[in-house]
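Structure record follows, encoded as structure tokens.
The values are calculated or read from the model by the stated rules, or taken from the named source; none is laboratory data. As the structure is a computational prediction, the values presented were derived from the model and not from experiment. Here Cβ is always computed from backbone atoms with ideal geometry, including for glycine, and neighbour counts include all displayed protein chains. Accessible surface is based on the protein model in full, side chains and every heavy atom, while ligands, DNA and RNA are left aside. Shrake-Rupley method; radii C 1.70, N 1.55, O 1.52, S 1.80 Å.
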Amino acid sequence: MRLVDWIVLCVTLGLVVAYGLWRSRGSRDLNQYTLAGRSMPWYAVALSVMATQASAVTFISMPGQSYVDGMRFVQFYFGCRWRC
């Protein structure tokens, strides 16, 4: 990695930490911090879970795995999504 890459990485990490600290400034206890005071709508929680499950590894590995195993991999993938 070159110097500019390290700078971009450090600035990005710093911004993520700063944003997290800024957003959590009103949290007074652990319940409010971890559960957002139970104020999030169901669809925001559902989209968050979907985004967590659909990681970069999934998008990188799915084409290779389906090339090796064929379409049966898709059946396992969707079955695991709803049951795992």
- Restricting attention to segment 43-56, does a residue exist that is out of contact with any Lys or Arg (no Cβ under 8 Å at 6 or more places or on another chain), outside any helix (DSSP H, G or I) and open to solvent by less than 100 Å² (accessible area, probe 1.4 Å)? yes
- Query: Going through segment 1-42 one residue at a time, which ones are exposed (fewer than 10 other Cβ atoms within 10 Å of the Cβ), at pLDDT below 80 and among the hydroxyl-bearing types (Ser, Thr, Tyr)?
  - Reply: Thr34
- Task: Quickly run through segment 1-60 and pick out the residues that are within 30 Å of Phe73 (Cα to Cα) and of a type in the set (A, V, I, L, M).
- Result: Ala44, Val45, Ala46, Leu47, Val49, Met50, Ala51, Ala54, Ala56, Val57, Ile60
